[in-house]
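One structure is given below, encoded as structure tokens.
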Amino acid sequence: MKPKILMARAVFPEVIAGLQQYFDVESNQEDHIFSAAELAARLQDKDGVIATASERISAELLAASPRLKAVCNQAVGYNNIDVAAATKAGVMVTNTPDVLNETTADFGWALLMATARRVTESEHWLRAGHWKQWRYDSFLGADVHGATLGIIGMGRIGQAIARRSLGFDMQVLYHNRSRLSPELEARANQARYVSKEELLQQADHVILVLPYSKESHHTIGAAELALMKSGATLVNLARGGIVDDVALIAALREHKIAAAGLDVFENEPALHPDFLGLSNVVLTPHIASASEPTRRAMADCAARNLLAALLPDKDRPFPPNLLNPEVLGKVMLADK
């Protein structure tokens, strides 16, 4: 009998075909978003699941899924999973780090440039038929070259963003839970470690790339936005909830900062409707990793994690991206 797995969302058909060599696969190519009850029903007889940010893996769900041994998230972030509850239940949890670093950094720059130079705002104006003549003051934006870039969250993606700033002759400030080594700072365009307050006060462009947690919830709120320059821009590539969206809407409406570029939102995809009425915000639907090679690499990484979790061998005794290694002892005892 092959182990049974659930693909919680649609995925490249080749990934399903590869997994079917080893598993009894229930797929969801219709890409229906399961309710909590539907997900629980489907996981009743499953040994593993490849999940995405849209699936909430709670303590209650884990308790109702007695056969479940592995939850493999097809994402870097995993705030949709109660990792502590999974560990207690003896369930391995994995993510897909590294494979999307460079693509996400590329998109961070796309969003920064579009925000600073008012690209989407001017395009909408043009498409609406308003362009009749050139004017010296049409859609004046902010320079990127020679400006100060502030990065909050200096992991691999943050460092990749900083490396790209060298070509724009930028000064890089960063704030992180811990300071990088001098070698990594040098590679990140001589990035300088500062407090969050100093970064917000000095940066012309601020990019958020930190993981979501209870501690990072509303890292940027009304008080932080008040510290920023009136001509500054804010880009959020990280997770919804790191920014207080209501406070950001007020700051944009009152022009306390110049503009924002957002790929993530609180309660996405049900983003706050007031964003849609603002001209000084660039909005994208959580697509920072959305190049075809990278999305394929993420799916393949999740599949490798699941294979190692459910069918370990001497070459892959445990998943390469295991987030809760302390669960391995429980798994080994359960297999005896």
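The values are calculated or read from the model by the stated rules, or taken from the named source; none is laboratory data. What you are looking at is a predicted structure, and each value in this text was computed from that prediction instead of being measured. Note that we place each Cβ from the backbone using ideal geometry, even for glycine, and neighbour counts take in every protein chain shown. Surface areas here come from the heavy atoms of the whole protein model, side chains and all, with no ligands, DNA or RNA. Shrake-Rupley method; radii C 1.70, N 1.55, O 1.52, S 1.80 Å.
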Which strands (runs of 3 or more DSSP E) does the range 141-208 wholly contain that include 1 or more residues that are touching a residue at least 40 places away in the same chain (Cβ under 8 Å)?
148-152, 205-208
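Can you tell me which residue is surrounded by the fewest Cβ atoms within 10 Å (Cβ to Cβ) among those in the range 83-103 that are hydroxyl-bearing (S, T, Y) and under 30 Å from K69 (Cα atoms)?
Checked the range 83-103; the qualifying residue surrounded by the fewest Cβ atoms within 10 Å (Cβ to Cβ) is T87.
Which one is nearest to P269 (Cα to Cα), of the residues in the range 25-46 that are among the small types (G, A, S) and open to solvent by 60 Å² or more (accessible area, probe 1.4 Å)?
Going residue by residue through the range 25-46, those that are among the small types (G, A, S) are 27, 35-37, 40-41.
From what is left, the residues that are open to solvent by 60 Å² or more (accessible area, probe 1.4 Å) are 36-37, 41.
Details: A36: 17, A37: 20, A41: 24 Å.
My answer is A36.
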If you scan the range 47-59, which residues turn out to be open to solvent by less than 10 Å² (accessible area, probe 1.4 Å) and assigned to a loop (DSSP other than H, G, I, E, B)?
E55
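Restricting to the range 60-85, name every residue that is part of a loop (DSSP other than H, G, I, E, B), over 20 Å from the mean Cα position of the chain (by Cα) and not polar (S, T, N, Q).
Just the residues of the range 60-85 that are part of a loop (DSSP other than H, G, I, E, B), to begin with: 64-69, 74-80, 82.
Subset that is over 20 Å from the mean Cα position of the chain (by Cα): 64-69.
Result: A64, P66, R67, L68, K69.
For the range 102-142, which positions are basic (K, R), under 30 Å from P293 (Cα atoms) and out of contact with any Ser or Thr (no Cβ under 9 Å at 6 or more places or on another chain)?
First, the residues of the range 102-142 that are basic (K, R): 117-118, 127, 132, 135.
This time we only want the ones that are under 30 Å from P293 (Cα atoms), so: 117-118.
The answer is R117, and nothing else.
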Residue check: is L234 modelled with pLDDT under 95 and among the hydrophobic types (A, V, I, L, M, F, W, C)?
no
With the first residue restricted to the range 109-131 and required to be open to solvent by 80 Å² or more (accessible area, probe 1.4 Å), and the second required to be of a type in the set (V, I, T), Cβ contacts under 9 Å at 6 or more apart or on different chains are R117/V144
